[in-house]
Amino acid sequence: MGTVPNNYVFKALDSFHYDTEETVVALNYALSYDAENTMALTLMGRVYSEKLYDYTEGILYFKQVLAIKINAFEVYEHFINALLWNEDMKEAEDFIDFALTVKGADKAVLYSKKSVLYEKLKKYKKALYFIKEAKEHTFNTAFMEIITEQKKRIKDKMPKKRK
């Protein structure tokens with residue numbers, strides 16, 4: 001793991017949101033120097049799942065990252081997103097439950113994703129419970145605002161009570 005692959009990873013990170021071609025070229029260079037660079041593999045998985053909507057291919061990259069390094073935290077959120085988008089609910093739930101046991105994992109993000117899982121399953125009370133858990137583990141004002149918006153969205157979806 002030298003600085004050359006990392007330089008290409010930085011280039012890929014820099015261009016990720018606006019130039020997919022440049023991102024992929026940089027990632028291919030990074031992976032040619034270090035085929036097990038977890039950040040490069042994670043970004044490649046993101047290209048497939050977020051830019052090309054090929055969730056299956058993205059998931060394969062994310063699983064490769066986890067096989068190399070189980071506590072590669074950069075992959076957790078993106079792997080869960082791809083599983084949810086691909087409607088692999090059971091696998092997403094199992095991975096979230098596992099990730100919550102890993103020391104150093106961002107518990108707030110994981111509980112937030114668990115909330116999204118239950119929202120997709122239309123189990124809104126359970127989704128709100130995990131929003132509460134996410135709030136307890138959040139130490140970031142910007143993320144707290146995201147969670148608050150997520151809570152509002154879920155509440156809007158809940159059936160209205162009749163009097």
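The values are calculated or read from the model by the stated rules, or taken from the named source; none is laboratory data. Keep in mind it's a predicted model, so treat the numbers as computed, not measured. Glycine also receives a Cβ, built like all others from the backbone with ideal geometry; neighbour counts cover every protein chain displayed. Areas reflect the complete protein model, heavy atoms only, side chains present, ligands, DNA and RNA absent. Shrake-Rupley method; radii C 1.70, N 1.55, O 1.52, S 1.80 Å.
Just so you know, in segment 86-126 the residues that are buried (at least 16 other Cβ atoms within 10 Å of the Cβ), among the hydroxyl-bearing types (Ser, Thr, Tyr) and over 13 Å from the mean Cα position of the chain (by Cα) include one that is farthest from residue 74 (Cα to Cα), and it is 124.
Is it true that residue 67 is free of Cβ contacts under 8 Å to residues at least 12 places away in the same chain and either of a type in the set (A, V, I, L, M) or more than 22 Å from residue 120 (Cβ to Cβ) (or both)? Yes: the conditions hold for residue 67. For segment 30-43, the criterion of a residue being aromatic (Phe, Trp, Tyr) and either within 24 Å of residue 115 (Cβ to Cβ) or open to solvent by less than 30 Å² (accessible area, probe 1.4 Å) (or both) is satisfied by no position. With respect to residue 129, determine if the residue is out of contact with any Ser or Thr (no Cβ under 7 Å at 6 or more places or on another chain), surrounded by fewer than 21 Cβ atoms within 10 Å (Cβ to Cβ), modelled with pLDDT of 95 or more and aromatic (Phe, Trp, Tyr). For residue 129, the condition - out of contact with any Ser or Thr (no Cβ under 7 Å at 6 or more places or on another chain), surrounded by fewer than 21 Cβ atoms within 10 Å (Cβ to Cβ), modelled with pLDDT of 95 or more and aromatic (Phe, Trp, Tyr) - is met. Here segment 138-147 is the region considered, the condition is being surrounded by fewer than 19 Cβ atoms within 10 Å (Cβ to Cβ) and touching a residue at least 12 places away in the same chain (Cβ under 8 Å), and the residue that is nearest to residue 87 (Cα to Cα) is 146.
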